[in-house]
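Written out below as C-alpha cells is the structure these notes cover.
The values are calculated or read from the model by the stated rules, or taken from the named source; none is laboratory data. Note that the coordinates shown come from a computational prediction; the quantities given were computed from them, not determined experimentally. All Cβ positions, glycine included, derive from the backbone under ideal geometry; neighbour counts span all protein chains shown.
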C-alpha cells in the first residue's frame, strides 16, 4: 500500500516519548477484557471502532480508531510484519482511481501524508495500523481497510508491540 522507511529503535522511542509528553489521548483507557487471549494481542472491533491491546490480567488498553468504509472492511487474523517511523505513502491503485489527483508518493513527515507519525504493516495484504493526518476521522468508518489511530496513540502502541504481534480484526 505504501513505500516505507524502516524505523530506527532510538527514533521510535524518541517519537513515543515526545508524543506522550505532549499529552496522551483522552479516550485511551484501561478497560475489563476477558476474551482469553494472551498478553500483547491486538483486537480490533470494527463495529465499535476500537482497538484493544490485551494486558493478560483481564484488562486491555482500549484506543479509539477509524476503520474501513462500508464495502472496504475486512476481518480475520494476521500479524504485524513491519514497524515504520515516518513512513512514505504511495496510494494503492483503488485509492488512486478514486482520487486521481493524489501524487504517486507522499514523503513521511509531510502534513499531507495520511500515515501519520508511524505505521505497523499487517501480514497478507495492503493494510496497516497507522497514525493519521485527519484526527477528526477517528471513531468513524473512513479508510480503505486500514486501522487509523490518533498519532499519540499509534506512538504509544508502537512502543508496546513487536513484529510478530497477533492481530485479530472482528466485525
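Points worth noting:
- All of (1) under 22 Å from residue 48 (Cβ atoms); (2) buried (at least 19 other Cβ atoms within 10 Å of the Cβ) hold for residue 171 with one exception: (2).
- Residue match in region 117-131 (condition: in a loop (DSSP other than H, G, I, E, B), surrounded by 15 or more Cβ atoms within 10 Å (Cβ to Cβ), out of contact with any helix residue (DSSP H, G or I) (no Cβ under 8 Å at 6 or more places or on another chain) and without any contact (Cβ under 8 Å) to a residue 60 or more places away in the chain): no
- Answer residue from region 97-114, given it is more than 25 Å from residue 49 (Cβ to Cβ) and under 17 Å from the mean Cα position of the chain (by Cα) and is surrounded by the fewest Cβ atoms within 10 Å (Cβ to Cβ) among those: 109
- Among (1) assigned to a strand (DSSP E or B); (2) surrounded by 17 or more Cβ atoms within 10 Å (Cβ to Cβ), the one test that residue 31 misses: (2)
- Tallying residues that are on the phi < 0 side of the Ramachandran plot, in contact with a strand residue (DSSP E or B) (Cβ under 7 Å, 6 or more places away or on another chain), buried (at least 20 other Cβ atoms within 10 Å of the Cβ) and in a loop (DSSP other than H, G, I, E, B) within region 139-164 yields 1.
- Residue within region 81-96 that is surrounded by fewer than 12 Cβ atoms within 10 Å (Cβ to Cβ), at pLDDT 95 or above and assigned to a loop (DSSP other than H, G, I, E, B) present: no
- The set of residues from region 54-69 being surrounded by fewer than 22 Cβ atoms within 10 Å (Cβ to Cβ) and touching a residue at least 24 places away in the same chain (Cβ under 8 Å) comprises 55, 58, 59, 61, 62, 64, 68, 69.
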